[in-house]
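The values are calculated or read from the model by the stated rules, or taken from the named source; none is laboratory data. Keep in mind that this is a model prediction, so the values were computed, not measured. Note: ideal-geometry Cβ built from the backbone for every residue, glycine included; neighbour counts use all protein chains shown.
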Amino acid sequence: MNKNIKLAVAGAVLAMSASAANAGIVIPAGDWTLDVNGNVNAYMNFTKGNDSNTVTGGLAATRQTTGSNTVKGINTGLLPAWLGFTGKTRQNDLDVEFTISLQPGVSANDISGDGAFVDGTTASNGSKMLNRQTYLSFGDKSWGSIKLGKDLGIFASDAILNDMTLLGVGSGAGLSGSSANTTNGGIGSGYLYAAWKGQVAYTTPNMNGFQATIGLTNPNMGGLETSQSRFGFEGKASYSFAANDATGKIWVSGLSNRVKTDAVDAVAVASGCPTQTGACTGAAIEVRAATTAVPSYTYNANVFDIGATVNYAGFGLTGYYYNGEGVGTTLVGSNAISANGQKRDSDGGYVQLTYVLPVKTKLGVAWGESNLDRAGNDGTTLLRTNERWTVGAYHPLTKHLNLVAEYNHISSENHAGAENKSYTGSLGAILFF
């Protein structure tokens, strides 16, 4: 697993030292030191949706039209199950490293377990395998390091790594066997998803707590058919400090993408079929719904954030804020522009307070919100706000095994004032190795 992720998730639950949190299964192999690491997690989720309003971009689960309003699922949480392989060596005065990782899910929507239902039809298996990391890096503590390959994005990475729901569920629990491999945590209700991106990035050496990263990335514009006319630009700077019994970190980061959307040709209404069901035969012309042409739009998508986290005497406090234009909400690029190509403004943030009891159980409460403004010819069903309240308890049963209990209240409101609310209770465990 990525070193930063290992430190964040292990430290958040176990309150361990950085050196202990960084230890996986270490295997000496000639000139190399191999580290096999990862986690397995699963949660029982109970979600109730109270409403069924139209909120385009809303995260709250809606009421079912048939059956119970409460849905149940056994899923991985925000952090997927993980199997990572890292190799390190020192060659020609360079620290050389590679990481390759795989992320399987635990939820499946089939009966046989091989992607087939009992009637012989196939379906998308919810426990699909992901590959979120494949990168190499080289450098030296005197001048920094260079990374090439796929890893967590630079912008908003600290927002997700400091989110306590990284060890739990957050929003988006869904049903067992849903197409999603993980839940949302606080993504879309407090911060934008950093995503896993191909990148070429340079990180400075640690200079008395100050460190910076700049990089070119694949834009990964979610929800848009786009042409990528240039690389994305991402960067961040952080300062870590320790004063007496207090430790903390302050960071800023930003992203800039150049987006060109695909044009869509108009489709006229045709006639000739007696009905719109079934295939047309002979000289008949298939009936299709009319659509209007949509031109290509080109625009700049920009966003910045600022955050801080402080730990003192068992307490942890994190505050975070982001603001952007043309980046949308939840995923960078999702719901980013109006139908007539006008950029939508968005912002949001979260506040989180945790406390570690003498028995090592970490208790936490968090509030987060992501807002999206209307632009151009937008209607009122567009999302205005996704809001989340989370209460969680994370208990280290052993050095590596942690029990988790969470409650999440999610509300999604559109610009007409219509609102959907959902409630999720989660019980499960996460094991690090």
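Consider region 86-117 and keep the residues that are modelled with pLDDT under 85 and of a type in the set (V, I, T). The one that is nearest to T33 (Cα to Cα) is V106.
Listed here are the residues, each with its yes/no results for (1) assigned to a loop (DSSP other than H, G, I, E, B); (2) surrounded by 22 or more Cβ atoms within 10 Å (Cβ to Cβ); (3) among the basic types (K, R).
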residue	(1), (2), (3)
T309	no, no, no
G319	no, no, no
Y322	no, yes, no
L331	yes, no, no
N340	yes, no, no
S346	no, yes, no
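Scan region 164-183 for residues that are polar (S, T, N, Q) and either at pLDDT 95 or above or within 17 Å of Y394 (Cβ to Cβ) (or both) and jot them down. It would help to see each step written out before you state the result.
Narrowing region 164-183 to residues polar (S, T, N, Q): 165, 171, 176, 178-179, 181-183.
Result: T165, T183.
Modelled with pLDDT of 95 or more, surrounded by fewer than 18 Cβ atoms within 10 Å (Cβ to Cβ) and among the aliphatic types (A, V, I, L, M), is that true of L148? Answer is yes for this residue. Considering only residues in region 376-399 that are polar (S, T, N, Q) and either in contact with a His (Cβ under 7 Å, 6 or more places away or on another chain) or part of a loop (DSSP other than H, G, I, E, B) (or both), the one that is surrounded by the fewest Cβ atoms within 10 Å (Cβ to Cβ) turns out to be T398. Would you confirm whether or not region 6-18 contains a residue that is modelled with pLDDT under 85, surrounded by fewer than 18 Cβ atoms within 10 Å (Cβ to Cβ), touching a strand residue (DSSP E or B) at 6+ places or on another chain (Cβ under 6 Å) and within 16 Å of L431 (Cα to Cα)? Among the residues of region 6-18, at least one is modelled with pLDDT under 85, surrounded by fewer than 18 Cβ atoms within 10 Å (Cβ to Cβ), touching a strand residue (DSSP E or B) at 6+ places or on another chain (Cβ under 6 Å) and within 16 Å of L431 (Cα to Cα), which makes the answer yes. Figure legend. Inter-residue proximity from region 18-30: first residues more than 11 Å from F433 (Cα to Cα) and among the β-branched types (V, I, T), second residues in a strand (DSSP E or B) and modelled with pLDDT of 90 or more, beta-carbon distance below 6 Å, spacing 6+ or different chains. Indicated pairs: I27/L34.
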